[in-house]
Structure formats: structure tokens, C-alpha cells
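Asker: Structure provided below as C-alpha cells; questions to follow.
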Amino acid sequence: MSTTRPTLAATKRELTGKRVASLRRAGQLPAVVFGRGVPSQSLTIDTQEFESLQRKIGQNALVDLSVEGKKATPVLVQSVQRDPVYHRMLHVDLFAVRMTEELTVDVPLVTIGESAAIDKLGGTLLHMLESIKVRALPDHLPQSIDLPIDGLVDFEATVHVRDLVIPEDVTLLTDPDEIVARVQQPRVEEVEEVVEVAAEGEAAEEGGEAGATDAGESSAEGSTDS
């Protein structure tokens, strides 16, 4: 596996709390790096540089973090806090790893292939799991796992965790018997049934109105005859 990793430059940060708003306005992103045996350190990174980095790397990708030009430390982007309204990045948590210690992470599943139950029968793919949990050394962490759906040929077929291909140097922690995906049958019959019931109701209303009209006419005739 290639040892070449993307790099990220950072500087030490003194500002904390509400005062970091001035950093964001200046195009800087507040961050914190921490890890087992590593003292937590407040940092600042360039917002545009980090956004560009995120577009190039996947989840669980290692990044070489250099603080003020010093020796780089391998880190994982653990979380990115965003503004709930404007979705702008507010803060980044970086986790410093030890290359000889395994990590437990969630790996996203990526759908591949085509399903006959979807293409030919009009079903809808249901993702029962969006990710699986694995354990591996930092430089062996998969960024994604393929989820093949070719076997979903009807509405009874399912894909289980055990059907996924897991790299040999990765330990699967999610229950192999868990269902990952299946195809839901289209609900056309229910829609048709509702339409039929509505039509019957309209017919019954029309019949009732006609009966009421006939009864009214008969009553009027009777009154005239009398």
C-alpha cells in the first residue's frame, strides 16, 4: 500500500470561545488535534485548503498534519462541525493515530451493480445498513466497502454482511448475519385498491342522489294528485 499521504498545514491557536469567529471571517478554520498519549492542541487551518483536501480524500483516509512546519503527524479527520443553516464549516476534530495500533471505525457502503428486482419489477432499494464497523491498522482502513446488488433478483432476496468482500487485513466487527439491503415491492396494488374504493363510493353517492331525486319527484306528484 502506498505510503504517500495528503498533507495539511496548521498553526497553533490561542483564541478560543466566541473569539474564534474572527478567525473564520479571515478564512481560517478552528481545529483541535488529540489522541491517546497526545495532549490536546488547539490549531488553525486554512479553510479553502481543508475544503480542497476533503474533496480529494474519503472517509478514514490518513492525512499528514504539520504544525508550524514541524514533523508531520498522521491524523484522521474525526468530525467536522457545520453551521446548521448555511452548512459552513465551523470546527474540525483531528485524531492523531499510532501506526502500530489498530483502530475501530465505521466504513460506508457503496452500491454497485444492477438489481433485476429494481430494473424489471419496479422495486425500491432499501438500505438496512449504511455502514459497517471494522478494525484495522490506520494505513489499512478501507475508505468504503462495495455493496453488490446483482443478487437482488426478486423481493425475497437479501444481501447480508457476510456477502460483502472484506479486505484480508481488516477485521469485521458487524454481525455477519445482519441484512444490509433488500428490494421493496412497489405499492401499485394498494393504489389501485384505493382508486376502486373511491370509484365505488362515488357510484354509491350518485345512486343515492338519484334515489333521493326520484323520491322527491314521486312525493311532489302525490301532492299534486291530492
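The values are calculated or read from the model by the stated rules, or taken from the named source; none is laboratory data. These numbers were taken from a predicted model, which means no experiment stands behind them. Cβ: placed from backbone, ideal geometry, glycine included. Neighbour counts: every protein chain shown.
Asker: Only one of 139, 154, 150, 119 is at pLDDT below 95 and not assigned by TED's automatic domain parsing to the domain that holds residue 78; which?
Answerer: It is 139.
Asker: Considering only residues that are of a type in the set (A, V, I, L, M, F, W, C) and surrounded by 19 or more Cβ atoms within 10 Å (Cβ to Cβ), which ones fall in segment 133-158?
Answerer: Going residue by residue through segment 133-158, those that are of a type in the set (A, V, I, L, M, F, W, C) are 134, 136-137, 141, 145, 147, 149, 152-153, 155, 157.
Correct list: 134, 136, 141, 145, 147, 149, 152.
Asker: Okay, next question. I need a count of the residues in segment 35-84 that are farther than 18 Å from residue 140 by Cα, in a strand (DSSP E or B) and not small (Gly, Ala, Ser).
Answerer: Adding up the residues that qualify gives 12.
Asker: Something else about it: Take residue 73 and decide whether it is in contact with a Leu (Cβ under 9 Å, 6 or more places away or on another chain), β-branched (Val, Ile, Thr) and at pLDDT 95 or above. Steps first, answer last, please.
Answerer: On the way: in contact with a Leu (Cβ under 9 Å, 6 or more places away or on another chain): yes; β-branched (Val, Ile, Thr): yes; at pLDDT 95 or above: no.
No, not satisfied.
Asker: How many residues does segment 85-132 contain that are part of a strand (DSSP E or B), over 20 Å from the mean Cα position of the chain (by Cα) and surrounded by fewer than 17 Cβ atoms within 10 Å (Cβ to Cβ)? Spell out how you get there, then give the answer.
Answerer: Start the filter on segment 85-132 by keeping residues that are part of a strand (DSSP E or B), which leaves 89-96, 103-112, 124-127, 131-132.
Now narrow it down to the ones that are over 20 Å from the mean Cα position of the chain (by Cα): 90-91, 94-96, 103.
Restricting the remaining residues to those that are surrounded by fewer than 17 Cβ atoms within 10 Å (Cβ to Cβ) gives 90-91, 103.
Residues that pass the stated criteria total 3.
Asker: Let me ask something additional. Over 25 Å from residue 132 (Cβ atoms) and in contact with a strand residue (DSSP E or B) (Cβ under 9 Å, 6 or more places away or on another chain): which single residue out of 34, 95 fits that description?
Answerer: One residue alone meets the criteria, 34.
Asker: Checking the structure you have, find out if any residue of segment 59-68 is under 19 Å from residue 36 (Cβ atoms), out of contact with any strand residue (DSSP E or B) (no Cβ under 7 Å at 6 or more places or on another chain) and either among the charged types (D, E, K, R) or at pLDDT 95 or above (or both). Walk me through how you get there before you give the answer.
Answerer: Quick first cut of segment 59-68, residues under 19 Å from residue 36 (Cβ atoms) only: 60, 62-65, 67.
Cutting the leftovers down to out of contact with any strand residue (DSSP E or B) (no Cβ under 7 Å at 6 or more places or on another chain) gives us none.
Checked segment 59-68: no residue is under 19 Å from residue 36 (Cβ atoms), out of contact with any strand residue (DSSP E or B) (no Cβ under 7 Å at 6 or more places or on another chain) and either among the charged types (D, E, K, R) or at pLDDT 95 or above (or both).
Asker: To continue, here is another question. Could you say whether any residue in segment 183-198 is surrounded by 12 or more Cβ atoms within 10 Å (Cβ to Cβ), at pLDDT 95 or above and more than 28 Å from residue 117 (Cα to Cα)?
Answerer: The answer is no, given that none of the residues of segment 183-198 is surrounded by 12 or more Cβ atoms within 10 Å (Cβ to Cβ), at pLDDT 95 or above and more than 28 Å from residue 117 (Cα to Cα).
Asker: Separate question: Out of 43, 23, 15, I need the residue that is of a type outside the set (Phe, Trp, Tyr) and modelled with pLDDT of 95 or more. Which one?
Answerer: Residue meeting the stated conditions: 43.
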